[in-house]
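The values are calculated or read from the model by the stated rules, or taken from the named source; none is laboratory data. Keep in mind it's a predicted model, so treat the numbers as computed, not measured. So basically every Cβ, Gly included, is an ideal-geometry build from the backbone, and we count neighbours across all protein chains shown. What goes into the accessible areas is simple: the full protein's heavy atoms, side chains included, and nothing from ligands, DNA or RNA. Shrake-Rupley method; radii C 1.70, N 1.55, O 1.52, S 1.80 Å.
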Amino acid sequence: MSKVIAISNQKGGVGKTTTAINLSSGLAYMGKKVLLVDLDAQGNATQGLAALSHRGQLSIHNALLEKEPIEHVIVHKQEPPIDIVPANIMLAGADLELDKIGNGKEQVLKQTLAPVRDQYDYIIIDCPPSLGILNTNALTAADSVLIPVQCEYYALEGVTQLLLTIRLVQQLYNPDLRIEGILMTMFDIRTKLSVEVSQDVRQNFGKQVYQTSIPRNIKLSEAPSRGMSIFEYDVSSSGAKAYGDLTKELIKRNERG
Ligand SMILES: Nc1ncnc2c1ncn2[C@@H]1O[C@H](COP(=O)(O)OP(=O)(O)O)[C@@H](O)[C@H]1O
Ligand SMILES: [Mg+2]
C-alpha cells in the first residue's frame, strides 16, 4: 500500500523542502521505495538533490500540463536512493494554466501520479509556499498532510489558516485527507521563544505534533549546495539524527496495528 504525503505550509522558509528531502531520504535508507515530487517553481528540492542536470530536461510541468507520461519525467538517484519528479521555473505559470482547465483542475496531480502510485511505499510532495491551485492539487492527491512549523512568533496563525484550507479540500475534493503530523522545525533550545512556541503548539495540537523536533543545524542548510541529503553530507550531525528520528516516528505511526 502506498501512501502520499503532502508537505505543506503556505509560509515560505519554514522547512518544507528540507523536510521533504531528508524525510524522503530517511525513508529510502530504511528500505522504503520513495518518490519525491517537487511542486514548487523554485525547484529547491530538485536542486538540493542535483536532480535537474541538463537544459530541456523534462519536469513536473510537462507531466501536469503537456500530458507527458510521468515515467518519462522521473529521475532515479543512487544517493540518496530515491526517485524524483523535478520542477523548475516552468511551473511558475502553472496556477494560471491549471485554472484554464476549469472542471477537474484540482485533480490533475492525482491523475498524473496514478500510473506510478503503486510502485512506491511513500510519495512525498514538496508544496509551494502558497494556498493556490498547485497546493490544492497536492492536498487532493495526498492521503495526508505533514505541516512543518517554524518555532517563531506567528507560527500558530499560519497553521490555523492552513487547517481551514485542509478542511475545505476535505469537503470539496478529498474527504479522506488526514493530518499526518505537525513538525516543529528550526528549534533552538537556547531561545525562550523557541521553547514557548513549541509548548504552545503542543498544547493546541496535542498528539498530532511529532515528539521529534528538528533543531537549527547549519549542516542542514549546507547539504543542498552539495546536492546531498543530510545522511550523505554529515550523518553524525544533529540534523541527521533528528530527521532519522522523525523517519522512524512516521513509520511507526503508519505501520502499527
Ligand atoms: N533545521 C534547520 N536548521 C538550519 N537551517 C535550516 C533548517 N531547516 C531549514 N533550514 C534552512 O532555512 C531555509 C528555508 O528552509 P526550506 O526548507 O527551504 O523552507 P521552505 O521549503 O518551507 O521554504 C533554507 O535555507 C534551509 O537550508
Ligand atoms: Mg521549499
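Let me know the charge dipole size of segment 98-145 about its Cα centre in debye, to the nearest 20, where only the beta-carbon of Lys, Arg (+1) and Asp, Glu (-1) is charged.
Computed charge dipole of segment 98-145: roughly 200 debye.
Using a 1.4 Å probe over the heavy atoms of the protein chains, calculate the carbon and sulfur portion of the accessible area of segment 1-118 as a whole percent.
Exposed carbon and sulfur together represent 51 percent of the surface.
I'd like to know which of GLN150, PRO129, TYR233 lies farthest towards the positive end of the charge dipole of segment 108-257, counting +1 on Cβ of Lys and Arg and -1 on Cβ of Asp and Glu.
GLN150
Averaged per residue, what accessible area in Å² does segment 1-43 show with a 1.4 Å probe, protein chains only?
28
Compute, for the chain, the length of the dipole vector about the Cα centre, with Cβ point charges of +1 (Lys, Arg) and -1 (Asp, Glu) only. Units Debye, rounded to 20.
With Lys and Arg at +1 and Asp and Glu at -1, about 520 debye.
For the chain, set up a Gaussian network in which alpha carbons nearer than 10 Å are linked by springs, and say which option among THR165, THR185, THR212 fluctuates the most.
Most flexible of the set in this elastic network: THR165.
Decide, for segment 3-255, between rounded, prolate and oblate: order the square roots of the alpha carbon gyration tensor eigenvalues as a ≥ b ≥ c, take rounded if a/c falls under 1.5, and otherwise choose prolate if a/b is larger than b/c, else oblate.
Oblate, because a/c is 1.5 or more while a/b does not exceed b/c.
At a threshold of 8 angstrom on Cα-Cα distance, excluding pairs fewer than six apart, so keeping six or more, what relative contact order does the chain reach in percent?
Computed over the chain, the figure is 26 percent.
How many nm separate the modelled label positions at SER130 and HIS76, each set 7 Å beyond the Cα in the direction of the Cβ?
Between SER130 and HIS76, the simple spin-label model gives 3.5 nm.
Ignoring ligands, DNA and RNA, what percent of the accessible area of segment 135-230 is carbon or sulfur (1.4 Å)?
For segment 135-230, the apolar C and S fraction of the accessible surface comes to 50 percent.
Relative to the compact globular guide of 2.2 N^0.38 Å, what is the alpha carbon radius of gyration of segment 29-166, as a ratio?
Taking the Cα Rg and dividing by 2.2 N^0.38 Å, one obtains 1.05.
Stretch LYS248-ARG167 to full length: gain in nm at 0.36 nm per residue minus the Cα-Cα span?
26.4 nm
Which ³J(HN,Hα) values in Hz, rounded to whole numbers, follow from the phi angles of segment 68-80 under the Karplus curve 6.51 cos²θ - 1.76 cosθ + 1.60, where θ = phi - 60° and Gly and Pro get x?
With coefficients 6.51, -1.76 and 1.60, one gets 5, x, 4, 4, 6, 9, 5, 9, 9, 9, 8, 10, x Hz.
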